[in-house]
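Q: Sharing a structure, written as structure tokens. Questions coming.
The values are calculated or read from the model by the stated rules, or taken from the named source; none is laboratory data. Since the model is a prediction, treat every value here as computed from it, not as a measurement. Reconstructed Cβ throughout: ideal geometry from the backbone, glycine too, with neighbour counts over all protein chains shown.
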Amino acid sequence: MREIYRFLEELKQNNNREWFNANKDWYLAVKAEHEAFVNRLIPALAKVDPEVDGLTARDCIFRIYRDVRFSPNKEPYKTHIGAYMVKGGKKSPRAGYYVHIEPGNSLLSGGIWCPEPSLLKALRKDVYDNIDEFTGIIRDKKFQKYYTLDGEKLKTVPQPFPKDFPEGEMLKYKSYTVTNNIPDTFLERDDAIEQIVERFALMKPFNHFLNYTVEETWNN
């Protein structure tokens with residue numbers, strides 16, 4: 001894992017095609033190490049959440065190449081690598097488990113990021129209709145040790161929900177995600193996979209709450 005961090009640090013300082021092409025063999029070695037790590041993590045996580053069983057690293061890992069067509073930032077490469085373990089693979093709309101590796105900004109995350117409008121509306125409604133269950137999950141002491149809801153929020157409670165709803169803050173989110181920032185050394189530990197699975201196990205009820213809505217929305 002240390003070599004992955006070293007490569008990403010160098011890439012951040014040399015984010016151009018000339019450097020990347022000159023160091024393509026180094027990138028391929030790092031890519032193979034990352035895939036091997038994710039391929040070890042998936043079956044360990046599947047023991048906690050069988051929904052991810054059968055996935056491979058290639059189903060979950062995002063490309064390092066940036067789409068710069070509509071971005072003012074024209075740097076061609078991401079300076080992080082990530083894997084999203086979720087039923088159906090990384091493009092699935094379902095809530096899943098994400099490992100982000102970036103020097104000084106590594107994290108474990110999960111939930112549903114930037115859902116399409118119809119799904120976001122359905123998620124908010126299910127949070128509203130089942131608020132005690134939802135707050136019970138996110139305010140569990142073990143859960144709160146690592147996770148809090150994060151991301152952008154609306155300024156006011158959206159329609160058609162009552163403005164005076166006591167848990168109105170829960171309805172303002174544009175995404176339903178949680179994040180646990182971790183030091184780089186966390187992923188260098190011999191028991192990193194066991195520690196990741198332990199923390200993801202605490203996220204499982206949160207993801208399953210959201211995925212109930214996804215299944216209802218997609219099946220109707």
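Q: Can you name every residue in region 136-145 that is out of contact with any Phe, Trp or Tyr (no Cβ under 8 Å at 6 or more places or on another chain) and surrounded by 14 or more Cβ atoms within 10 Å (Cβ to Cβ)?
A: Asp140 - this is the single residue of region 136-145 that is out of contact with any Phe, Trp or Tyr (no Cβ under 8 Å at 6 or more places or on another chain) and surrounded by 14 or more Cβ atoms within 10 Å (Cβ to Cβ).
Q: Give the residue that is surrounded by the fewest Cβ atoms within 10 Å (Cβ to Cβ), with candidates limited to residues of region 33-48 that are of a type in the set (A, V, I, L, M, F, W, C) and over 23 Å from His208 (Cα atoms).
A: Ala36
Q: Given the condition in contact with a strand residue (DSSP E or B) (Cβ under 8 Å, 6 or more places away or on another chain), outside any helix (DSSP H, G or I) and in contact (Cβ under 8 Å) with a residue 60 or more places away in the chain, answer yes or no: does some residue in region 51-69 qualify?
A: No, every residue in region 51-69 fails to be in contact with a strand residue (DSSP E or B) (Cβ under 8 Å, 6 or more places away or on another chain), outside any helix (DSSP H, G or I) and in contact (Cβ under 8 Å) with a residue 60 or more places away in the chain.
Quick grid of which residues meet (1) closer than 19 Å to Phe206 by Cα; (2) buried (at least 20 other Cβ atoms within 10 Å of the Cβ):
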residue	(1), (2)
Pro76	no, no
Val86	yes, yes
Tyr97	yes, yes
Ile101	no, yes
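Q: Can you run down the residue pairs with Cβ atoms below 8 Å, 6 or more apart or on separate chains, where the first is in region 137-148 and polar (S, T, N, Q) and the partner is part of a helix (DSSP H, G or I)?
A: Every condition considered, the pairs that remain are Gln144/Ile138; Thr148/Ile138.
Q: Residues in region 66-100 that are touching a helix residue (DSSP H, G or I) at 6+ places or on another chain (Cβ under 6 Å) and among the hydrophobic types (A, V, I, L, M, F, W, C): how many?
A: Final tally of qualifying residues: 4.
Q: If I filter region 159-186 down to residues being more than 16 Å from the chain's Cα centre (by Cα) and within 25 Å of Pro103 (Cα to Cα), which single residue comes out as modelled with the lowest pLDDT?
A: Only one residue tops the list, namely Asp184.
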